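The structure under discussion appears below in the form of C-alpha cells.
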Amino acid sequence: MRFFSGIILIVTLVMVLGCASNPKNRATPEQMATLDSLLQQRSFVIKADWAKPLPTQSMGAIANAGLLPLGSTLNRIDLAGTESYLRVSGDSVMARFPYFGEQQMPGIYNPDDAGIVFNGVPTDFEMRPNAKQGGYNMSFNINNGTESFQVSALMLTSKSSTVTIGSSHRRLIQYFGKISADTKE
C-alpha cells in the first residue's frame, strides 16, 4: 500500500510541476507594450535567420547529397548572407526569401530569382493577439502576378518571429527570425 501511495505522490507532483505556468515565459507589460507599439505603427520588418522547408523525399536526397548551405540541415537551413525579409509598411507588404523545396506545378521559372518575392497590397490582412503565446498572429493573401501566397506570421514579445508561406505553386516553407522597426524609408 505504501508503494502505491508513493507512486501516486510522485505522479501528482510531476503533474502539478509540469502543468504549472513558468513566469520566465510570460511577457512583461513592457515587452507587450513594445510589441504593441511596433505593430500599431505598421512599419516593421521580419528578418529571417533560417528556414525550414517541408521535408519530402526529394529534399532528403538533396540534404544527403550535401547540397544545402554549409552548416545547414533539412530542418534548419542557414540564411546568413541572403536577403531574407518580410516588410510591412502601412497597407503594403514586401517580401524576399530564398526558397528551398519542391515546386508543385509548372509555372514561370525565373533563373535569376527563384525565391519567394512579392510586393503590394495584400487581401484578407488580419492582425490579432495571441494570448496563449504572448504575441500576435498576422495573416494575409497576396499575388505577385504569377503565383498566389498565403502568409501567416507569429510575432512574440521576445521579438522572435515565425513566418509560414504557402503557395499556389510550391510546397509550404517556414522562416524563423526577428522582428524590428523598419528603418528603411
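The values are calculated or read from the model by the stated rules, or taken from the named source; none is laboratory data. Small disclaimer: the values here were computed from a predicted structure and weren't measured. The accessibility values were calculated without ligands, DNA or RNA, using every heavy atom of the protein model including side chains. Shrake-Rupley method; radii C 1.70, N 1.55, O 1.52, S 1.80 Å.
So the values come out like this:
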read-out: q = 0.16 Å⁻¹, region 71-171: log10 I(q)/I(0) [Debye, one scatterer per Cα]; value: -0.78
read-out: Heavy-atom surface of region 129-185, accessible at 1.4 Å and reported per residue (Å²); value: 46 Å²
read-out: Extension gain from T56 to E30, taking 0.36 nm per residue of separation minus the Cα-Cα distance; value: 5.2 nm
read-out: Residue-span extension gain [T162 to R128] - 0.36 nm each, minus C-alpha spacing; value: 10.7 nm
read-out: Gain upon complete extension [H169, T183; 0.36 nm per residue less C-alpha separation]; value: 1.8 nm
read-out: Under the Karplus curve 6.51 cos²θ - 1.76 cosθ + 1.60, θ = phi - 60°, whole-Hz ³J(HN,Hα) for region 177-183, x wherever Gly or Pro sits; value: x, 10, 9, 8, 5, 7, 8
